[in-house]
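Below is one structure; the comments refer to it alone.
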Amino acid sequence: MIECTQCHIKYGRKLHQCPNCGLVHQSTQTKQQTSLLQQYYQFLARSLKQPLKVQWQWANLWFGLVTFGLVILMNTATASLLIASWSEQVGAVAGVMASQIVLHQRPNLLPLDMKALGGQLFILVVVLGIGFLLKRYLLKKTTTTLRAYLTEISAYSGITVILALAALLAALCFGMTAIWFVLIMVAVMYVSLNIAVGISLFQTRWAAFDRVYAILLFEILTHVVLAIGISQIVILNLLTGL
């Protein structure tokens, strides 16, 4: 029951306003007055504090796409800065800072940026796609939609946004000297994403297939597909370089 702060009568929680005086319930007022940006910030803050307790089911279903979009954009910018820093160090562009190379020589960096973007999309599609297919068809969670699934995974792995931002700042401030830090951040992001998918699979109820085996199958399929895909990309790059 909820007690009205104006006339002090009690009414059910399902009502959004007092049946006596018409005062709108505080939580409803807050929800109406909160902008979409503030809602996303609150969603991200909750996922950082208590990722397994985030009420992602009631969050905006675009938040997952926003989260992964931000991560992809920041990672692409990080790769661009590292490539520019490497060009600066080897003397390809003498006396010019890496950030200036990124700003003023964008056409030259664009093909490499597209490769970095494509590589990230490939990894995300493989990891998230296999997890989604296993949850929907093997674990029989047929009510799961793709947007809801992405929002759930982003709630469990909100730390990826912070890691991507840290890697971007490191690349901007220190260039290639921060390469090991950036690689560690990328590795932690990948582990965080795998853990999030594993949690999503394990929390599925009434599974027709054992959840532990589903997680093992996810890890095996994911790494096999990634290994094959990355090896093919490396072979193609070697052949085109000859």
- Message: Among the residues of region 221-240, are any more than 19 Å from Gly119 (Cα to Cα), more than 17 Å from the chain's Cα centre (by Cα) and open to solvent by less than 20 Å² (accessible area, probe 1.4 Å)?
- Response: no
- Say whether the condition of being among the basic types (Lys, Arg) and outside any helix (DSSP H, G or I) is met by at least one residue in region 185-207. yes
- For Asn60, which of the numbered conditions (1) in a helix (DSSP H, G or I); (2) of a type in the set (S, T, N, Q); (3) modelled with pLDDT under 90; (4) closer than 27 Å to Ala148 by Cβ fails to hold? (1)
- Query: Only one residue in Ile195, Ile233 is modelled with pLDDT under 90, within 19 Å of Gln120 (Cβ to Cβ) and not hydroxyl-bearing (Ser, Thr, Tyr). Which one?
  - Reply: Ile233
- Query: Listed residues Leu146, Leu163; which is in contact (Cβ under 8 Å) with a residue 12 or more places away in the chain, open to solvent by 90 Å² or more (accessible area, probe 1.4 Å) and within 20 Å of the chain's Cα centre (by Cα)?
  - Reply: Leu146
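Yes/no matrix, rows are residues, columns are (1) of a type in the set (A, V, I, L, M); (2) under 22 Å from Leu121 (Cα atoms); (3) surrounded by 14 or more Cβ atoms within 10 Å (Cβ to Cβ):
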| residue | (1), (2), (3) |
| --- | --- |
| Leu36 | yes, no, no |
| Tyr41 | no, no, no |
| Ala45 | yes, no, no |
| Pro51 | no, no, yes |
| Trp58 | no, no, no |
| Trp62 | no, yes, yes |
| Val66 | yes, yes, yes |
| Ile72 | yes, yes, yes |
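Yes/no per residue for (1) touching a strand residue (DSSP E or B) at 6+ places or on another chain (Cβ under 8 Å); (2) at pLDDT 90 or above; (3) surrounded by fewer than 16 Cβ atoms within 10 Å (Cβ to Cβ); (4) not in a helix (DSSP H, G or I):
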{"residue": "Ala94", "(1), (2), (3), (4)": "no, no, yes, yes"}
{"residue": "Leu103", "(1), (2), (3), (4)": "no, no, yes, no"}
{"residue": "Asp113", "(1), (2), (3), (4)": "no, no, no, no"}
{"residue": "Val126", "(1), (2), (3), (4)": "no, yes, no, no"}
{"residue": "Phe132", "(1), (2), (3), (4)": "no, yes, no, no"}
{"residue": "Arg136", "(1), (2), (3), (4)": "no, no, no, no"}
{"residue": "Thr142", "(1), (2), (3), (4)": "no, no, yes, yes"}
- From the list Ile220, Ile215, which residue is free of Cβ contacts under 8 Å to residues at least 24 places away in the same chain and more than 22 Å from Ser47 (Cβ to Cβ)? Ile220
- Message: Test of understanding: among Ala171, Ala178, which residue is of a type in the set (Gly, Ala, Ser) and within 22 Å of the chain's Cα centre (by Cα)?
- Response: Ala171
- Only one of these is at pLDDT 85 or above, in contact with a helix residue (DSSP H, G or I) (Cβ under 6 Å, 6 or more places away or on another chain) and under 28 Å from Ala116 (Cβ atoms): Phe43, Phe68. Name it. Phe43
- Message: Exactly one of these conditions fails for Gln120: (1) surrounded by fewer than 18 Cβ atoms within 10 Å (Cβ to Cβ); (2) farther than 27 Å from Gln57 by Cβ. Give me its number.
- Response: (1)
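The values are calculated or read from the model by the stated rules, or taken from the named source; none is laboratory data. From a predicted model like this one, the values you see are computed outputs, not experimental measurements. For neighbour counting, all protein chains shown are included, and Cβ atoms are generated from backbone atoms with ideal geometry for every residue, glycine included. Accessible surface areas use protein heavy atoms only, side chains included; no ligands, DNA or RNA. Shrake-Rupley method; radii C 1.70, N 1.55, O 1.52, S 1.80 Å.
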